[in-house]
Amino acid sequence: MAANRKDKVALITGSTSGIGLGIAHVLAAEGYDIVLNGFGDATEIENTRKEIETKFGVKSIFVGADVTNYDSVAAMVAEAESKLGSLDVIVNNAGVQFVSPVDEFPLDQWSKIININLTGVFYGIRAALPGMKKRGYGRIINIASAHGLVASAGKGAYVAAKHGVVGLTKVTALENARANITCNAICPGWVLTPLVQKQIDDRAAREGISVQQASDELLLEKQPNARFATADEIGAMVAYLCSDGARNVTGTTLSIDGAWTAQ
Ligand code: NAD
């Protein structure tokens with residue numbers, strides 16, 4: 001049975017697509033009011049926002065803040081608190097990818113990935129914490145990656161950023177251990193979203209193979225169970241971390257990677 005999280009508010013960065021959108025749906029089903037964030041087509045985003053309200057009977061607002069701009073992130077948190085009454089859960093999920101060897105890594109792509117995938121997480125935490133401390137409750141969940149724990153060639157910026165997210169998660173948990181605020185990182189393996197579809201399409205084009213073959217190869221290279229996780233499965237892990245049963249789970253990483261990092 002779904003938990004009743006009426007009057008609790010969750011903000012998910014990067015929730016106009018992929019994993020973030022899946023998390024938004026799962027938390028809305030649990031009764032959370034939802035702050036959507038990210039980029040995309042304005043009409044599609046408004047349709048998503050309305051669908052969340054009608055399907056799950058919760059309130060939802062969209063704030064198009066860029067997570068690399070601290071003032072915008074702080075204003076988004078303030079808007080959640082003023083329009084929805086609180087901010088109980090923040091899921092720092094927005095992220096991008098770029099693949100290149102370290103010695104050829106484009107400098108602008110390095111900065112972009114660090115700014116969105118690492119500094120953006122710091123901005124979300126920094127902006128959300130004061131209100132959480134005042135209210136004596138908070139659940140901070142950072143979407144890291146298997147690449148927060150192990151490396152892959154070609155992903156220097158991404159791996160550096162995600163390892164950074166895991167470190168920041170631990171510090172945030174320590175600093176707030178007595179404040180009824182938990183902070184954890186989820187480390188997914190492959191989840192079939194637009195971010196991964198692009199890597200599959202690039203691989204198919206590079207190797208002159210079919211998209212299906214590229215998808216199979218990509219999975220088998222890293223993920224022993226040979227199955228993509230779904231965004232809803234990541235959402236279920238977020239819901240667990242927000243549940244009362246997880247109140248002592250803090251400062252840790254939870255893998256959902258089909259045994260990728262067991263190797
Ligand atoms: P996605 O491309 O489907 O979605 C990314 C979201 O981030 C979109 O909503 C986009 O608008 C938003 N975004 C991008 N830049 C932003 C910015 N500057 N400010 C605000 N929003 C921004 O990607 P996804 O696969 O759903 O990835 C979500 C998170 O999960 C990322 O942090 C990614 O690193 C992580 N992750 C993904 C996988 C996977 O296999 N897909 C695996 C492990 C971790």
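The values are calculated or read from the model by the stated rules, or taken from the named source; none is laboratory data. Quantities reported herein were computed from a predicted structural model and do not represent experimental measurements. So basically every Cβ, Gly included, is an ideal-geometry build from the backbone, and we count neighbours across all protein chains shown. Heavy atoms of the whole protein, side chains included, go into the accessibility calculation; ligands, DNA and RNA do not. Shrake-Rupley method; radii C 1.70, N 1.55, O 1.52, S 1.80 Å.
Counted by Cβ distance under 9 Å from residue 182, the other residues give a net charge of +2, where Lys and Arg count +1 and Asp and Glu count -1. Counted by Cβ distance under 14 Å from residue 145, the other residues give a net charge of +2, where Lys and Arg count +1 and Asp and Glu count -1. Distance from a point 7 Å along Cα→Cβ of residue 53 to each backbone N in segment 30-44: keep the residues under 11 Å and list them by number. Inside the label zone: nothing. Taking 37 °C and 0.692 mPa s as the conditions, I'd like the Stokes-Einstein D for segment 182-263 in µm²/s, using the Kirkwood hydrodynamic radius from alpha carbon pairs. D, rounded to a whole number, is 233 µm²/s. Can you send over the carbon and sulfur percentage of the accessible area for the chain, probe radius 1.4 Å, protein chains only? Here carbon and sulfur together make up 54 percent of the probe-accessible area. Distant-in-sequence amide contacts of residue 5, defined by a placed amide H-H separation under 5 Å and a gap of 5 or more residues or a different chain, comprise 31, 32. Only helical runs count toward this figure. For the chain, summing -39,500 (n - 2.57) over DSSP H runs of n ≥ 4 and dividing by all residues gives -15000 deg cm²/dmol at 222 nm. With a Förster radius of 30 Å applied to the C-beta separation of residue 151 and residue 41, the computed FRET efficiency comes to 0.30.
Scalar couplings 3J(HN,Hα) for segment 64-71, obtained by applying the Karplus form with A = 6.51, B = -1.76, C = 1.60 to θ = phi - 60°, are x, 5, 8, 5, 8, 10, 4, 4 Hz; x denotes Gly and Pro. For the residue pairs 134/162; 8/162; 8/83; 170/222, alpha carbon separations beyond 18 Å are given by 134/162; 8/162; 170/222. Normalised by residue count, the chain yields a Cα convex hull volume of 132 Å³ per residue.
Measuring with a 1.4 angstrom probe and ignoring ligands and nucleic acids, residue 175 comes out at about 140 Å² accessible. With every protein chain left in place, what is the accessible area per residue of the chain in square angstrom, probe 1.4 Å? Each residue of the chain exposes 45 Å² on average to a 1.4 Å probe. Sorted from greatest to least, the principal axis extents spanned by the alpha carbons of segment 65-217 come out as 56, 29, 29 Å.
Couplings 3J(HN,Hα) for segment 247-256, derived from phi with the Karplus relation 6.51 cos²θ - 1.76 cosθ + 1.60 (θ = phi - 60°), are 5, 9, 8, 7, x, 10, 10, 10, 8, 9 Hz, where x marks Gly and Pro.
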